[in-house]
Amino acid sequence: MRSFRHVRATTVAEACALLAEPGTRARANAGGSDLLGALKDGIYPEPPDLLVDLKTIPGLDAIEADEAGLRVGALARLADIARSEPIRAHWPIFSQAAQAVASPQIRNVATLGGNLCQEVRCWYFRYPAGLGGSIDCLRKGGPRCPAVKGDTRYHAIFEGRGCFAVCPSDTAVALAALDAIVVLEGPGGARRELPVQDVYTPLGTVLEPGELVTAVRVPPPAEEARSAFLKFTVREPIDFAVVSVAASITLRDGVCTDARLVLGAVGPRPYRALEAEARLIGGPIDERAAVEAAEVALAGAKPLRGNAYKVPLARSIVMRAILAALEG
Amino acid sequence: MNPPVITEQERAQKELAVVGKGIPKADAGVKVTGQAQYMHDLELPNMLYGKILYSDRASARIVSIDTSEAERIPGVKAVLTAYNTPEIRFGFLKDNMALKKDRVRQYRDEVAAVAATTPELAEAAIKAIVVHYEDLPAVFDPEEAMQEGAPLVHELNPKGEPNKDNRLRLPWKFSAGDVEAGEAASAFIAEGEYETGWVTHCCLGTAGCVAAFDPDDNLTMYSITQIPSLAKADFQEAMKAMGVRGKVRVVLTTLGGGFGSKLDTYAFEYIAMLLAHRTKKPVKILFDREEEFFATSPRQPTRIKIRQGCDAEGRLTFRDISMVLDNGAYTSWGATTPTVMMMPSSSLYQVENVRFRATCVYTNNTYAQAMRGYGTPQVTFAIESNLDELAEKAGIEGYEFRLKNANLPDTVTPQGFKVDSCGHVPCLEAVAERMDWAGYRAAKAARLAGDATGAGGDATLVESDTAGVPPVAQAAWTELPDKVRGIGMACLLHVGGGAKIYKSDGCGTLIKVDDLGYVDVYSGSMDMGQGLDTILRQIVAETLGLGVDRINVVIGDTDVCPWDAGAHASRSTFVAGNSALYAAQQVREQILNSAADILDTPRDGLDLTGGMVVCADDPEKTTKIEKVLRKAHFASAGNTMFMAAYFYEPPTDLLAGDFKGNYSMAYAWGCHGVEVEVDRRTGQIDIVRYIAAHDVGKAINPLLLRGQILGGGLQGIGWALAEEMIFDEGKLLNPNFRDYKMLTALDSVDVEPILVEDPAAAGPYGAKGIGEPGLVPTAPAIANAIYDAVGIRLRKLPMKPEMVLAAIMEAEGR
């Protein structure tokens, strides 16, 4: 691992200023469960020369819930989100998604901000430098994506453009189904708010140099809303999703009045199946409706040559998530 | 020397005190408290850290290597390439070199190496080396590699003669009886093609070594090898190539797992030797996790074609197997696995007419090696899957079909194996009984009958996500339930009494006894976690009538311990166990003879038990063993202490030519039964129940034995359902536990072992080897159960959800 400067920031403003320092390749670090592994593997052609530690910024790990909704600081640890009483009571799929990440050890250090902003897990992007050199790819500024002609079994079936890596975040999927807003702060007090799925682009995130995720806001849930988060993995624990689905359904007098269907690990961002949501709204939710919505949700999928199986798999998980939400 | 014969009567004469007891592993305490010294813990004064530069091409000519910048880094003590070091060739065919010269043939090729005062400096130096390559054509598919005009991975053979093609010239052919006649006599024939890919051992302790030369050029190699004596010979040969006159000593640290990965020496070990000799300092090379995946040698991938036939009654008439193995770019023991695959091919079930051919082919992939089972898991996947297909064609239920053809005691197989003890039928029966095989089948038949009248489904309907949904809605999605169950079984045959795959299958033991009744046992064998040290303690303790706490086992130092062929082929309990047993019996005789003199009583009435010399004729003369030891030692004349040496060589045949003969002293049998639940909507396979019946001869230590069966079963389940090394044109895409889906503790299945004890006449206390069998029949048992559940025959491993779902989609026309 290349040596680097390490600075402990004490305010968001200081962190943003450090990250925007001209002439430096700076990166923010909180739990370190993603960044340090990536540095040890030497995956970056130009590794950072400055790490800005955010853990020393006081108050950025707060979890606050009231009538206005939920506000979670970017430094809140996944373990804390998973066991937070108000989150479990009112936004259960957020808690479940946090609990679905990795292992207890990782959840004890990994933060919400880090889970949202982690690097993709594409094996070409992540190939370690020590084994004959890292692999150049479009996402790292290279000329092309090696996955296109390679092994794409875990790659995108939606919205891939140039790069076909999928967003690996579990919490982003649940948060998208909860209409969550991500708060970004940048140098000079700049601040903006975006729906969680809009944070991602096919080649990374919309974050500008010096910009940080500082919090996530979630509106209060509708009283009749029911939800489910399902994550399909090859092995039980410590695994990234092959496909995940967060479903949130509002039922009034047996009729669906609102729905959110968000698919994870299928594209560069959490994928909202808007047409499938529309199909559910206005009718009763039963198995037939779930099956039809699942068909619609996957209708626009564009699998690569190695991941056609993800379409029926995702369809099954969507259907099950809708039905599981009814139970929830 | 012929081993002393122990009769059954002698064995039965007294109740065993220590053998047969579930004594915890000798090293359990130091391991759980973190005191065990692994390679990771080893540091020597002035030690340097070595690091290897690997190729970034699968096939290329090395145009130039510029090491000048690396050499200038302060703290860097040596930068080596093939151009400034003597050539060290190694491997089964000596086609591999420690550092590659002129040409690279796989991504893991070692192009340069450095030694520096810290690991970080070594890494920096590696990055500073500039290599220019000129790409050459490459070939990654063994069948393409056999085509005419395919790029040659090696233009010359190790003798310097030109190679015509990529096929290895190895004589892996066997035949018995008349396959054509068998085929003509067949009422039913089933054929199939099966494929198994790369899997790796996933040792939790990554590989490494420390090489240290003394001023007289004697080498001490701190090592994690499974073959201390053979590795010593390999290193000694390398010393000759280096022009170094000293002697080699191999010293083992605690191993973090072996599973066959350490059955051959590796380039990194020779590189450490070169670096240590160049710098005159100890040099440590320690793999990180990615390197462990990338630069150790996995299980040999196979493509197997099989045809089997039976007569109208279901008796096997012939078996015809041919296979292609992806050797990778160099040759290690993986290329010899066909000699062991011949065993189940010729001798699992009674079949007279057998043909077996295997071709190993060079490719530009990583080169393969030995892994638990040594080829038998791959070929058993083909045999046992295909056997179910044949049984179905013959209209005979799979369990009945197996019973009809099962091996029996006191038979000689077509390959010439002398089978005495044989637990095949008892293992089959044990699995069938535990799983209520007949009841399960009857219930399914009843459901099928119900289905014909429109009342049921072609599967076991279990609780699923859609349970309780009205049938109309179910029909809208599909006619079939989401989750269906099925059962399957598969059997195994493995060597249980050593295996003569090398010119000696022997093991030596030295034993000495001190004045206080403490015994040191120096065995040539080694322990990689399987518990050999504990087994030897029990065998020696039993023989000398002492508690295991009195027995100290010394292993893993070639300066001290005798020769041994290594920990492989499930041989250690049997071969090292017999060696220790016979050495202990000599000591026992010495003690009893001395005791007869000292106590002035006939030898025949004396026995060693419970720490005492027991005198049956005159109980008052019964005395503590250590009193006899001291009286013998401190006598006024004829002073003696007790010690013995024994080299046990199993009287078996080294197979060559027609590959017929008896190459093990005992054969181990087993049967696994499994119930699976298949999720037709996701391709997920859940193991509902897993039964593993093994013929173990005699359980020296039932606790450790169960551990072997559980561990084998779980490793086999991982192989069957989740694990695979994924390569893209020779480049390993998943050198980590994130993408190499090794199962975790939370995925583990409750494997239920059944121990069938049918003592092996030649085994220590009747024991057979059981190190490998646990994973041999796992994949076919699961594949057979999946077929039973959903009617889909999966012929390629692993059966991961993506593969299972794709197969279901294809079968259902979705």
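One table, with the values for the structure above:
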item	result
Residue tally, condition charged (D, E, K, R), modelled with pLDDT of 95 or more and part of a loop (DSSP other than H, G, I, E, B), over the stretch B:502-561	5
Subset of the stretch B:291-328 (residues that are more than 22 Å from the chain's Cα centre (by Cα), open to solvent by 10 Å² or more (accessible area, probe 1.4 Å) and not hydroxyl-bearing (Ser, Thr, Tyr))	B:Lys305, B:Arg307, B:Asp311, B:Ala312, B:Glu313, B:Arg315, B:Leu316, B:Asp320
Number of the condition not met by A:Arg144 [criteria: (1) crowded, with 17+ Cβ neighbours inside 10 Å; (2) closer than 18 Å to A:Gly306 by Cβ]	(1)
Helices (runs of 4 or more DSSP H) contained entirely in the stretch B:696-814, each with at least 1 residues that are more than 18 Å from the chain's Cα centre (by Cα) and facing chain A (nearest Cβ under 10 Å)	B:702-721, B:801-811
In the stretch A:284-304, the residues that are facing chain B (nearest Cβ under 10 Å) and in a loop (DSSP other than H, G, I, E, B)	A:Asp286
Criterion violated by B:Asp604 - all others in (1) under 19 Å from B:Glu542 (Cα atoms); (2) surrounded by fewer than 18 Cβ atoms within 10 Å (Cβ to Cβ); (3) touching a residue at least 40 places away in the same chain (Cβ under 8 Å) satisfied	(3)
Criterion: modelled with pLDDT under 95 and either of a type in the set (S, T, N, Q) or open to solvent by less than 20 Å² (accessible area, probe 1.4 Å) (or both) - qualifying residue of B:Asn96, B:Asn157	B:Asn157
Residue in the stretch B:184-196 that is free of Cβ contacts under 8 Å to residues at least 24 places away in the same chain, within 30 Å of the chain's Cα centre (by Cα) and surrounded by fewer than 20 Cβ atoms within 10 Å (Cβ to Cβ) present	no
Subset tally (residues that are surrounded by fewer than 21 Cβ atoms within 10 Å (Cβ to Cβ) and under 30 Å from B:Ala576 (Cβ atoms)) for the stretch B:759-793	2
A:Ala79 within 21 Å of the chain's Cα centre (by Cα) and either surrounded by fewer than 20 Cβ atoms within 10 Å (Cβ to Cβ) or over 18 Å from A:Thr214 (Cβ atoms) (or both)	yes
Residues satisfying the stated conditions in the stretch B:387-414, i.e. free of Cβ contacts under 8 Å to residues at least 40 places away in the same chain, aliphatic (A, V, I, L, M) and more than 18 Å from B:Gly673 (Cβ to Cβ)	B:Val412
Residue match in the stretch A:39-50 (condition: open to solvent by less than 30 Å² (accessible area, probe 1.4 Å), of a type in the set (Gly, Ala, Ser) and closer than 30 Å to A:Arg126 by Cβ)	yes
The stretch B:237-290, residues that are among the small types (Gly, Ala, Ser) and either assigned to a loop (DSSP other than H, G, I, E, B) or surrounded by fewer than 21 Cβ atoms within 10 Å (Cβ to Cβ) (or both)	B:Ala241, B:Gly243, B:Gly246, B:Gly256, B:Gly257, B:Gly258, B:Gly260, B:Ser261
Checklist (1) more than 26 Å from the chain's Cα centre (by Cα); (2) buried (at least 21 other Cβ atoms within 10 Å of the Cβ); (3) of a type outside the set (Ser, Thr, Tyr) applied to B:Leu403, failing item	(2)
Looking only at the stretch B:102-137, and only at residues there that are under 31 Å from the mean Cα position of the chain (by Cα) and farther than 16 Å from B:Arg72 by Cα, the one that is nearest to the other protein chains (Cβ to nearest Cβ)	B:Tyr107
Among the residues listed as A:Ile249, A:Ile317, A:Ile238, the single one being facing chain B (nearest Cβ under 10 Å) and surrounded by 24 or more Cβ atoms within 10 Å (Cβ to Cβ)	A:Ile317
Conditions (1) under 22 Å from the mean Cα position of the chain (by Cα); (2) within 14 Å of another protein chain (Cβ to nearest Cβ); (3) of a type in the set (Lys, Arg); number of the one not met by A:Arg260	(2)
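The values are calculated or read from the model by the stated rules, or taken from the named source; none is laboratory data. Keep in mind the model is a prediction, meaning the values are calculated, not measured. Methodologically, a virtual Cβ is constructed for each residue, glycine included, from the backbone with ideal geometry; neighbour enumeration extends over all protein chains shown. Note: areas computed on protein heavy atoms with side chains; ligands, DNA, RNA excluded. Shrake-Rupley method; radii C 1.70, N 1.55, O 1.52, S 1.80 Å.
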